[in-house]
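Below is one structure, written out as structure tokens, with a few remarks after it.
The values are calculated or read from the model by the stated rules, or taken from the named source; none is laboratory data. None of the values given here were measured: they were computed from a predicted structure. Virtual Cβ from ideal backbone geometry, glycine too; neighbours counted across all protein chains shown.
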Amino acid sequence: MVPTTVPPRYGYVPVPGGQVHYAEQGAGPAVVLVHQTPRSLDEFRELQPLLAVGYRVLALDLPGFGNSTPLPAPQRIEDYAQGTLAALTALGVERAAIVGHHTGGAVAVEIAAAAPERVTAAVLSSAPWADAAYRKSRVDGPGVDDARRDPGGAHLLGWWEQRRPYYPSGATALLDRFVRDALAPGVDPREGHLACARYEMEHRIGSVRAPVLLLGADGDPFSLPALEPLAAHLTAAESVRQAVIAGGTVALMEDKPHDVAAAVLPFLRRFAR
């Protein structure tokens, strides 16, 4: 699999309440990449050029993350979805395939439910199954990326240690990238997790009509169990497929981009248009 050698173009587009930062690469049917919390479009640094051979691939910083305009708390999945749709409109994208990882998977569900006419296909990578039981289990907070900011910098080690068991062994460079995104101005690393814990996915997922690829990682204990309930509740989807990547972790996008592309590209070739 040979990535495009044309570098991405970065820019900003206006959305209600501020701006969304994006990276664009390739040409063809539109594919939109939506990151997990508290990451940024950097999460797709390795994957984007692999998908950009034959597709116009747009990686976005969700509202409230990366270099996009900060969002006040409490944040909602619906806020991220509406900001993404507004950014796509500003970029002249009427229809697109949506690839969302972790929190981005929940955002992809909401986009596909809120604007089904605009979504050609959806890849839900390690998406949570955010039902009533999920919300109840997180009523006291997210439990990850959750450290009180400390003048001595202890929160940096707190974030690092909370993530390290769920990243590849020795993945110092990947954890560096995560911490950098967590430190972006205006970003609260907890809020994306809390947004998932506020989202009533069970009332929205039945409105998803696009074909769906459920992508899992066998080393991701948070999300792998969600594959079956997600599949069971995608009752209106044109089709539902599943794939699990061996050796994948929470850092699936940047750690195994070739495996992700190998799973996603055949799906896009069939449905993205």
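Only residues that are within 16 Å of the chain's Cα centre (by Cα) and assigned to a loop (DSSP other than H, G, I, E, B) were counted in the range 240-263, giving 5.
Considering only the range 190-235, state which residues are part of a loop (DSSP other than H, G, I, E, B), within 24 Å of Pro63 (Cβ to Cβ) and either touching a strand residue (DSSP E or B) at 6+ places or on another chain (Cβ under 8 Å) or at pLDDT 95 or above (or both).
Tyr199, Glu200, Arg204, Val208, Ala210, Ser223
For the range 1-26, residues that are assigned to a strand (DSSP E or B), crowded, with 18+ Cβ neighbours inside 10 Å and not aliphatic (A, V, I, L, M) total 5. The helices (runs of 4 or more DSSP H) found entirely in the range 27-127 that carry 3 or more residues being under 12 Å from the mean Cα position of the chain (by Cα) and either surrounded by 24 or more Cβ atoms within 10 Å (Cβ to Cβ) or in contact (Cβ under 8 Å) with a residue 24 or more places away in the chain (or both) are 77-90, 103-114. Scanning the range 132-190 for residues that are β-branched (Val, Ile, Thr) and under 18 Å from the mean Cα position of the chain (by Cα) gives Val144, Val179, Val187.
Scanning the range 185-210 for residues that are surrounded by 24 or more Cβ atoms within 10 Å (Cβ to Cβ), among the small types (Gly, Ala, Ser) and either touching a His at 6+ places or on another chain (Cβ under 9 Å) or without any contact (Cβ under 8 Å) to a residue 24 or more places away in the chain (or both) gives a single hit, Gly192.
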